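Chemist: First the structure, which I've put down as structure tokens, then a few questions once you've had a look.
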Amino acid sequence: MVRIIFKCTIIRDTMTTTASSPGNLFLCGEHAVVYGYPAIICSVEQRTAVTVTRTDNPSIEVTSAEFGTARAKIEERDIMVTTPNDELAIFLDLVRSLGLPSGFTASITSSIPVQSGMSSSTAVLTSFLYALRNEFSLPIEPSSFYDLLLPLQKKVHGGKASGSEIFSSTLGGFHRIERRDGVMESHKLCEHDLDIVIADTRVHAPTSLTVGYHVPSLIDRRRELVFETFDRIRDITNEAQKALQGGDAHKLGKLINENHHMLQRLGLSHPKLDDCVCEALDAGALGAKLSGSGWGGIMFALVDDEHAEDVRTALERTRATVIATSIGGEGTRVEEHI
């Protein structure tokens, strides 16, 4: 059981709640964290919002601009699907576990690219659960979010997932994540406001392909290589923690670069990711790496004020979708309705 202390100010309309959660970036340690190694994860100020409106009938409707609509009906506390939607079925799985007394409508909006490496699935599930919790006054503490959402994360990611992004989406800031004796532990390190530039390669690969397929197959064939690489990623993570807490952005940048090289070694990068990383570094970024599952998705570049615009321009020239933003900010919150 994971214990989390969470506080937020709730501003809500009667019978309607909108909750939003940030995306996440792995500063370092992705993939290794699935096998018991530490990682550092942080919130990124791109958010997914879910608006839930409670109704007085048993009908459930979940709508996403990206994936369409799923509909269901509550029948004797079970959920009977009336409009199937494979992409949105995970939300009905969550609802099924909550025992809601009536139906609701839910709409999803997001500035987080899907399958990009910014943990869009975690952000939406966290927002969805928090909105339902407040709309229905459910006796669920945010300290239970990890236990409720981890099985769903594993389902989304093909059976292998650390669930570490749940901490960052919920609490914000920078977290050291590590599994000990079968329990995922989270230690909040700090709340720096660091500037980054993200490039979405628009090359999409489901997380399940790398986490649930490629890395396990690589372990079967080249176990020594994989765990030697994970050992070095562990050392990078420990050094990055010191640099982060000491405010040494230049040292942090060098460690980010090395972590990217380690992921390349495991075949987890992509030519377009490497193209973007090289262009960012040539333009003056302090460090750059892929984030998340790899084989596409996003990379990010840590930047200072002097080079931020140059890095952004360089990444735009690669024709990736570019976002200038920050990391280490606020976690899940309830939004005011206008």
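Coordinate-derived values only; no laboratory data. Not measured: the values here are computed from a predicted model. Backbone-built Cβ (ideal geometry, glycine too); neighbour counts: all protein chains shown.
Chemist: Counting other beta carbons within 10 Å of each Cβ, put SER293, SER107 in order, fewest first. Don't skip to the end; give the middle numbers.
Modeler: On the way: SER293 26, SER107 16.
With the fewest neighbours first, SER293, SER107 line up as SER107, SER293.
Chemist: May I pose another question? Return a whole-number percent for the relative contact order of region 194-327, with Cα pairs under 8 Å and 6 or more residues apart as the contact set.
Modeler: Numbers: 211 pairs, mean separation 55.5, N = 134.
About 41 percent, as a whole number.
Chemist: Sorted by mean Cβ packing within 10 Å, highest first, what order do the peptides 274-280, 148-154 take? Write out the running numbers ahead of the final one.
Modeler: Values: 274-280: 21.3, 148-154: 18.7.
Descending packing order for the listed peptides: 274-280, 148-154.
Chemist: What's the exposure ranking of ILE166, ILE112, ILE74, ILE219, going from fewest to most Cβ atoms within 10 Å?
Modeler: On the way: ILE166 33, ILE112 24, ILE74 20, ILE219 15.
Lowest to highest Cβ neighbour count: ILE219, ILE74, ILE112, ILE166.
Chemist: Of the peptides 29-37, 173-181, how do they stack up when ordered by the mean number of other Cβ atoms within 10 Å, highest first? The partial results should precede the final answer.
Modeler: On the way: 29-37: 22.9, 173-181: 18.8.
The peptides rank, most packed first, as 29-37, 173-181.
Chemist: Sequence gap at least 6, Cα distance under 8 Å: using those rules, report the relative contact order of region 35-150 to the nearest whole percent. Before the final figure, lay out the partial values.
Modeler: Numbers: 166 pairs, mean separation 37.1, N = 116.
32 percent.
Chemist: Can you give the extra length, in nm with one decimal, that the chain gains between GLU141 and SER217 once fully stretched, where that is 0.36 nm per residue apart less the Cα-Cα distance?
Modeler: On the way: separation 76, 0.36 × 76 = 27.36 nm, distance 3.80 nm.
Gain on extension, GLU141 to SER217, equals 23.6 nm.
Chemist: Normalized C-alpha radius of gyration of region 194-327, against 2.2 N^0.38 Å? Don't skip to the answer; put the middle values down first.
Modeler: Details: Rg = 14.9 Å, N = 134, 2.2 N^0.38 = 14.1 Å.
Computed over Cα atoms of region 194-327, the ratio equals 1.05.
Chemist: Computed from the mean reciprocal separation of all distinct C-alpha pairs, what Kirkwood hydrodynamic radius does the chain have, in Å?
Modeler: Numbers: mean 1/r = 0.0494 Å⁻¹.
One over the average 1/r among Cα pairs gives 20.3 Å for the chain.
Chemist: Per the Cauchy relation, a quarter of the hull surface: what is the mean projected area of the convex hull of the alpha carbons in region 124-209, in nm²?
Modeler: Working: hull surface 30.2 nm².
Reported value for the Cα convex hull: 7.6 nm².
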